[in-house]
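The structure under discussion appears below in the form of structure tokens.
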Amino acid sequence: MPSSPNCSKTIDTPTKPPHHFSQAWPQPQLNQYWLEYDRYMAYADAEFGRLYDSLTEMGLLENTYIFVTADHGQLFERGIHGHITQAMYEPVIHIPLLVHKPGQQTRQDVTNRATSATDILPTLRYITGQEPVDWTEGQVLPQFDETSPQKRSKRIFAFEGKANRRDRPLMAGTAVLFNGSYKLIHTFGYQNFQGNDPFFRGVNELYNLEQDPEEMNNLFATERTIASDMYNQLLGKLLDVDAPYQ
């Protein structure tokens, strides 16, 4: 872990209300965890740099693909620390994806469209000459498959529901739908976290990420047409997922 003066200060962020699933950490303790996390990130970055330099010196990057991604981020600004949380804001699920092609010398953005971690497997199978599989929703990243349609689905789904049994329908969780610049968060099944909208179950949040990247302005009650359409799409997806277990 790097020592001071590296990563010696926390960064001010917009004030965000603690989430219902916040863990009531004292702010000084949370700041310490935040500082340690940033130091570990700096350490990982430095170690990856060493690996990259070694591969370069050995000439292996001329025939090697490198994919760098992550499983999740952190939500310190919402009062949350650790790997297990029902909250699904962007700092948790908007993870990096860096790709280095063999012999690549300059930066090239893979895509400016919505992508998912499920796209990695189809992409790896494609570039290694393997047949696609039909049990994943992922698609080959368009920058790798020039023959594939350039118009990709704008819809991306995400879900957190570790409390559910594998062999039963979903009883509680947080489901997310991305559609263009809009993001719907649907939290359901928790006894102490219920919504009060008579037309929609659960607790629902709708954000326009282009205009509100910090997810501070819930549009679910005001952008009713978009909210209703995305809500129905998301519920339809949950019903499809539940169907084999009914």
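The values are calculated or read from the model by the stated rules, or taken from the named source; none is laboratory data. All of these numbers come straight from a predicted model, not from anything done at the bench. Note that each Cβ is placed from the backbone with ideal geometry, even for glycine, and that neighbours are counted across all protein chains shown.
Here are the numbers for the structure shown:
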{"quantity": "Answer residue from the range 66-95, given it is under 9 Å from the mean Cα position of the chain (by Cα) and of a type outside the set (A, V, I, L, M, F, W, C) and is nearest to GLU205 (Cα to Cα) among those", "calculated": "TYR89"}
{"quantity": "Failed condition for ASP45, given (1) modelled with pLDDT under 90; (2) under 26 Å from the mean Cα position of the chain (by Cα)", "calculated": "(1)"}
{"quantity": "Positions within the range 154-196 being part of a loop (DSSP other than H, G, I, E, B) and within 14 Å of LEU235 (Cβ to Cβ), in sequence order", "calculated": "PRO169, LEU170, GLY189, GLY195"}
{"quantity": "Candidates GLU215, GLU205, filtered to the one that is outside any helix (DSSP H, G or I), touching a residue at least 40 places away in the same chain (Cβ under 8 Å) and buried (at least 16 other Cβ atoms within 10 Å of the Cβ)", "calculated": "GLU215"}
